[in-house]
Amino acid sequence: MASIKPSKTLTYKTVDGVEIPLDLYLPSTGKSVGVLLWFHGGGLLQGRRDSCPPHVRKAVEKYGIAVASADYRLAPQVSVADIRDDVLDCIKFIREELPSHVKPHAIDVSRLAVSGASAGGYLTLLAGLYANPKPQVILPIYAITDPLGVFFTNPQPAFMGRRIPSKEEMAEYLDRNAVPSTSSGQPDVDPRGHMYMYMLASANLAELYHVPTADKAEPFRVARNIYQHRLPPMYCVHGDADTAVGVEQSDEVVGAALGCGIELKYERLHGLNHFLDAGEDYENEPFYSFMMKHL
């Protein structure tokens, strides 16, 4: 599916000399199409925008939508608050500037969905809480939702055969004074790609996000903010055998959202692990039907 290439790459934000790009995928036909903004995973510590899975790329033609797959600055060189600002600035760029980069009437930026997997699902939820106006719909997939949740405050084993690097191996990427990065490659070619494994073993996600205490982390603990800030309609996906992000992270958010009367659907998939949507053959018609209903 890498053969489905973006129509163009744009810089949506420059901060302290760091350019932050997004890839824009446009359907071959259609006018005033809605926009799906996608954020990649990696714990906010690693990853890159060109890792959006096949089902997202195929959705461009299958559902007649534009897809914007965005990078963002990575922790711990910046805080989760800074990354949230990147998300909100990306949404602002899409709404205010993106139309000028495409043909007239090609897209309708008032029709905005936000989705992402793992850390990208976390950014999806933060967009749902804090964007103004909110997206029409959000679709978090096996999302991180609370950096101070039990899963992330207790050491976890490596998952899916991956190895845990030493602190010394990660020293370059743990340096908060280093120039922020907006992407990383796969672990076999880019050592930063081991950061998530290091974090799981160290149980220090909140520290890496610059929110080591409950009071500092409060705005970034999703379930605790739904009552005050609300969420748009939500379609949530998580496997109950996830060894990279415990399913209780999504359970808590879904429970809080239901208690607040938020419209949602929850696919809590038995026996499935992380990356459940990464394969070429993955399809999810209910997921996209829910999205299109709200766009």
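Readers should treat all values here as calculations from the given coordinates under stated rules, not as data from a laboratory. For clarity, every value in this text was computed on a predicted model and none was experimentally measured. Here Cβ is always computed from backbone atoms with ideal geometry, including for glycine, and neighbour counts include all displayed protein chains.
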(message) 5 Å is the cut-off here: which amide hydrogens, built 1.01 Å from N in the peptide plane, fall below it relative to K265, excluding neighbours closer than 5 in sequence?
(response) M234, Y235, C236
(message) Quick query: amide H of I107 versus all other amide H atoms, modeled in the peptide plane; which residues come in under 5 Å with a sequence gap of 5 or more or a different chain?
(response) S32, V33
(message) So the label point goes 7 Å from the Cα of V15 along Cα→C-beta, right? Which residues of the stretch 134-152 then have their backbone N under 20 Å from it?
(response) 134-135, 144-147
(request) Evaluate 2.2 N^0.38 Å with N set to the residue count of the chain, then give the Cα radius of gyration divided by it. (result) 0.93
(request) Compute the whole-percent fraction of alpha carbon pairs in the stretch 1-42 spaced more than 12 Å apart. (result) 72 percent
(request) Return the lysines within reach of K293: Cα separation strictly under 22 angstrom, same-chain partners fewer than 8 residues apart disregarded; answer none if there are no such residues. (result) K31, K58, K62, K134, K265
(message) Show me, for the stretch 199-215, the HN-Hα J-couplings you get by feeding each phi into the Karplus relation (A = 6.51, B = -1.76, C = 1.60, θ = phi - 60°), rounded to Hz, glycine and proline as x.
(response) 5, 4, 5, 8, 6, 10, 4, 4, 4, 5, 7, 6, 10, x, 10, 4, 5
(message) Whole-Hz ³J(HN,Hα) for each residue in the stretch 51-66, computed from phi via Karplus 6.51 cos²θ - 1.76 cosθ + 1.60 with θ = phi - 60°, x for glycine and proline: what do you get?
(response) 8, 4, x, x, 5, 6, 5, 5, 5, 4, 7, 5, 10, x, 10, 8
(message) Given the -39500 (n - 2.57) contribution per DSSP H run of 4+ residues, what per-residue ellipticity at 222 nm results for the chain, rounded to the nearest 500 deg cm²/dmol?
(response) -8000 deg cm²/dmol
(message) Skipping prolines and chain starts, which residues have an amide H placed within reach, meaning under 5 Å, of the one on K13, given they are 5 or more residues away or on another chain?
(response) I20
(message) Rounding to the nearest 10 and keeping the result within 0 to 90°, find how far the Cα-based axis of helix 248-259 lies from the longest principal axis of the chain.
(response) 50 degrees
(message) Let me check I've understood the local charge: for K265, count other residues with C-beta under 15 angstrom from its C-beta, Lys and Arg +1, Asp and Glu -1. What total comes out?
(response) -2
(message) How would the stretch 126-238 be classified by its alpha-carbon gyration tensor: rounded, prolate or oblate, with rounded meaning a/c under 1.5 and the a/b versus b/c comparison settling the rest?
(response) prolate
(request) Please give the helix 119-130 orientation as an angle from the longest Cα principal axis of the chain, in degrees from 0 to 90, rounded to the nearest 10. (result) 70 degrees
(message) Compute the helix-to-body angle for 285-294: its Cα long axis versus the longest principal axis of the chain, expressed 0 to 90° and rounded to tens.
(response) 60 degrees
(message) Charges at C-beta only: +1 for Lys and Arg, -1 for Asp and Glu. How large is the resulting dipole of the chain about its Cα centre, in Debye rounded to 20?
(response) 740 debye
(message) Tell me the net charge near A201. Cut-off is 15 Å between Cβ atoms, A201 excluded, with +1 for each Lys or Arg and -1 for each Asp or Glu.
(response) 0
(message) Taking θ = phi - 60°, what integer Hz values does the Karplus form 6.51 cos²θ - 1.76 cosθ + 1.60 yield along the stretch 85-90, in sequence order, with x for Gly and Pro?
(response) 4, 4, 4, 5, 5, 5
(request) Take every DSSP beta bridge whose two residues both sit in the chain, then give the antiparallel share in percent to the nearest 5. (result) 30 percent
